[in-house]
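Please treat every number below as a calculation from the coordinates, not as lab data. Computed from a predicted structure; not experimentally measured. Don't worry about glycine lacking a Cβ; one is built from the backbone with ideal geometry, like all the others, and counts go over all protein chains shown.
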Amino acid sequence: MEFAHVSILALFCLAFVGIGATPSGEDYWQSVWPNTPLPKAFYDLLIPSGKTNNLPIRADELNQYSTLFFQHDLYPGKKIILGNTQSEGNIIRKIGKQRQGVTDSIWLANKDKQSLYDFCNSPTAKGEHKQCVSSLESMIDHVISHFGTTKIKTISSSFSQNQDQYVVEEVKKVGDNAVMCHRLNFEKVVFNCHQVRATTAYVVSLVASDGTKSNALTVCHHDTRGMNPELLYGALKVDPGTVPICHFIGNKAAAWVPNHSVDHPCVI
């Protein structure tokens, strides 16, 4: 009932944009969450043509997404080097060169190189629910429908540019079973919104080697049976389904979680 009420309210608000005018995704966002800024992670969804002239995630930025580590690595003082990783002592080390595209997913369903169409229509991993969205409006409708309420908020990362060595300063739990929406690395603007069961999201405060501070959205998977066995063993020397595995989420993504604040309907 609340979702239907929200949709009617959103359409009513958008009527004031003007007769014959096409409401933008940002107008729709403001109709649902007034006076709430749009997260930078979703700016690409405002591109009119829906297509860029280059890949959105540079090769060096892919390391933000591919840093795998154990849950017990999340503690103040832990040293982290971004990249495909293995845990060794008090440091997480880069061990491989990243490829662009969706080929480096930790999920088995995404193991092989795929086109955008193939990826969005591929079978989901165990315990995963996903949907590809190409507009801000469709993303908003998807997450509201999923949670059954507009009382949700987004959390995103703010990795520093040209930095890949960090020390963990603080770890804060955000919530369980969040919905992640992240930009796929194709020229066409498409976000993959998916929820994987048995997950916990954190915001990890990091300090770079030059003193710059960043926040890293982090997800820990407690059920890893659907993960890519070759990637897991190569990075951490473990098999799927044995221990919880965590990874960072880069700047071109955000997590949606329930928001229990009354004053701020969508805190960024």
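Derived scalar couplings between HN and Hα for region 219-229 equal 10, 10, 9, 8, 10, 10, 5, x, 7, 5, x Hz in order, rounded to whole Hz, by the Karplus curve 6.51 cos²θ - 1.76 cosθ + 1.60 (θ = phi - 60°), x for Gly and Pro.
Between the residues 125, 149, 209, the greatest Cα displacement towards the positive end of the dipole of region 123-262, with unit charges on the Cβ of Lys, Arg, Asp and Glu, is found for 149.
Distant-in-sequence amide contacts of residue 251, defined by a placed amide H-H separation under 5 Å and a gap of 5 or more residues or a different chain, comprise 159.
For region 64-70, the Karplus equation 6.51 cos²θ - 1.76 cosθ + 1.60, evaluated at θ = phi - 60°, returns couplings of 4, 9, 10, 8, 9, 7, 7 Hz by residue, with Gly and Pro reported as x. For region 154-223, the list of trypsin sites (Lys or Arg not before Pro) that fall in a loop by DSSP and count at most 15 other C-beta atoms within 10 angstrom reads 197. Residues whose amide H falls under 5 Å from that of residue 188, counting only those 5 or more places apart or on a different chain, are 52, with hydrogens built in the peptide plane.
The simple Förster model, with R0 at 25 Å and r as the Cβ-Cβ distance, assigns residue 172 and residue 59 a FRET efficiency of 0.25.
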